[in-house]
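Peer 1: The structure that follows is given in the form of structure tokens.
The values are calculated or read from the model by the stated rules, or taken from the named source; none is laboratory data. Every value quoted in this text rests on a predicted model; they were computed, and no experiment measured them. Neighbour counts are summed over all protein chains in view; Cβ atoms, including those assigned to glycine, are modelled from backbone coordinates with ideal geometry.
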Amino acid sequence: MVMELLGPSLEDLFNFCSRKFSLKTISRIEYIHSKNFIHRDVKPDNFLMGLGKKGNLVYIIDFGLAKKYRDARTHQHIPYRENKNLTGTARYASINTHLGIEQSRRDDLESLGYVLMYFNLGSLPWQGLKAATKRQKYERISEKKMSTPIEVLCKGYPSEFATYLNFCRSLRFDDKPDYSYLRQLFRNLFHRQGFSYDYVFDWNMLKFGANRAVEDAERERREREERLRHSRNPGARGMASASSRARATQEVAAPSPLNPASHTGQFEKERKVSMRLHRGAPVNISSSDLTGRQDASRMSSQALSSRVTPSGLQSAAPRCVLYLIRKHAAHSLSVYRL
């Protein structure tokens, strides 16, 4: 089986953001329901972010407990049943799931509501309960969940969260949830609190801020070391600069096998020949002589061009070219040995 490599889960990102981040992620549950399935294990660990260019997409994974809730052709809903074992994660399971009722679309959405409140609170009131057996623990979680009113659970947070959970609990077994209403509910909350669908999540901002802080700290460290070095030896920088200039002068003044003066005379001679050829070939110059002069001119130009490349700078480059290349090399990592 081949699967796409994904990024961290919402649980991982929740911990990365000091277990608090703003609500900017919209559920993918409606899409699953539109494909005639319910997930039955909605929790932060099963929501993953993409990687690379898909880093702002939310994925849902782990369909091991998913179930088909209606026929794909007739849309006939599965029948209502009771005395079912708890399927999913007890922390985020709906109350009806604790009561042994067959799960449907409403239960996925109620679980999502608990996930949202988990993000808001940092933990849920029924976390950390101890019991001798797993069944007893599930019973204690169920009792605590049913005895905690929605208004108490969502106290201190925008009313949209309580409205969301009340809406989910009011749905009948085979009701189709009003996904548009729920999306608009939180969209209004986003706008009221100044959030926007900018695809910039809190963990992206933290990562960007951390990288920028590291770069700033590194730059300050280098500047501090530079100041400290110059304060210990004030004349070091001037002496180093003078020494560099002296070496550059000596190297530039070093004799070169190619004499610039002779090249100047050669270029002038070739220029005059070209002018004469342009006006018309003189009688006293043969065609072979003209061809030879043209070839010599081309060879001279090619030789000079090849010598001003990094492999032949010392032997042929004019002094001004040498100086410019040295000056450029001082500000780059590609320093040629001249």
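Peer 1: If the Cβ limit is 6 Å and pairs must be 6+ apart or interchain, which residue in region 144-158 that is under 17 Å from SER170 (Cα atoms) and of a type outside the set (Gly, Ala, Ser) pairs with which residue that is at pLDDT 95 or above and not in a helix (DSSP H, G or I)?
Peer 2: Within 6 Å, the pairs are LYS145/TRP126; THR148/PRO125.
Peer 1: Find the residue count for region 115-138, including only residues that are closer than 28 Å to LYS67 by Cβ and in contact (Cβ under 8 Å) with a residue 24 or more places away in the chain. If you could, list the steps in order and put the result at the bottom.
Peer 2: Here is the first cut: in region 115-138, the residues closer than 28 Å to LYS67 by Cβ are 115-119, 124, 126-127, 129, 131, 133-138.
Okay, now just the ones that are also in contact (Cβ under 8 Å) with a residue 24 or more places away in the chain, so 115-119, 124, 126-127, 137-138.
Here the count works out to 10.
Here's the yes/no breakdown for (1) in a loop (DSSP other than H, G, I, E, B); (2) closer than 20 Å to ASN36 by Cα:
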position	(1), (2)
GLU82	yes, no
VAL152	no, no
ALA162	no, no
ASN166	no, no
PHE173	yes, yes
LEU182	no, yes
HIS191	no, no
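Peer 1: Quick check on region 134-146. Is at least one of its residues touching a helix residue (DSSP H, G or I) at 6+ places or on another chain (Cβ under 8 Å) and among the β-branched types (Val, Ile, Thr)?
Peer 2: yes
Peer 1: Would you be able to say whether some residue in region 121-128 is of a type in the set (Ser, Thr, Tyr) and within 34 Å of the chain's Cα centre (by Cα)?
Peer 2: yes
Peer 1: Residues of region 185-229 being surrounded by 11 or more Cβ atoms within 10 Å (Cβ to Cβ), modelled with pLDDT of 75 or more and among the charged types (D, E, K, R), which ones?
Peer 2: ARG187, GLU226, ARG229
Peer 1: Residue by residue through region 173-190, note down the ones that are without any contact (Cβ under 8 Å) to a residue 12 or more places away in the chain and closer than 26 Å to GLU82 by Cα.
Peer 2: Residue satisfying the conditions is ASP178 alone.
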